[in-house]
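Q: The structure under discussion is supplied below as structure tokens; questions concerning it will follow.
The values are calculated or read from the model by the stated rules, or taken from the named source; none is laboratory data. Please read these numbers as outputs of a predicted model, since none were measured by experiment. As a convention, Cβ positions derive from the backbone with ideal geometry for all residues, glycine included, and neighbour counts pool all protein chains shown. Quick note on the areas: whole protein, heavy atoms, side chains included, nothing else; ligands and nucleic acids left out. Shrake-Rupley method; radii C 1.70, N 1.55, O 1.52, S 1.80 Å.
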Amino acid sequence: MTAARCPRCTAALDGGPVVYRCTPCRRTVYAADLDTEYHAPVRVPARSRL
């Protein structure tokens, strides 16, 4: 998973997992307001031997 970024200044956020803090712009950001969705890699089924 990539580091969460501030939506205003794009700096890396501290804290988490529910509330993050942006040090440069002194903003508090809730995790629900961030686009940090995790996508599991797609699993490809093994080929069946005939």
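Q: Test Val42 against the criterion of being surrounded by fewer than 10 Cβ atoms within 10 Å (Cβ to Cβ) and either at pLDDT 85 or above or touching a Leu at 6+ places or on another chain (Cβ under 9 Å) (or both), and give yes or no.
A: Judged against the criteria, Val42 is not a match.
Q: Sticking with this structure for a sec: Of everything in region 19-39, what is modelled with pLDDT of 90 or more and part of a loop (DSSP other than H, G, I, E, B)? Give them in sequence order.
A: Passing the criteria: Thr23, Pro24, Cys25, Arg26.
Q: Further question: For region 17-36, which residues satisfy the criterion of being open to solvent by less than 100 Å² (accessible area, probe 1.4 Å) and closer than 10 Å to Cys6 by Cα?
A: Selection gives Tyr20, Cys22, Thr23, Pro24, Cys25, Arg27, Thr28, Val29, Leu34.
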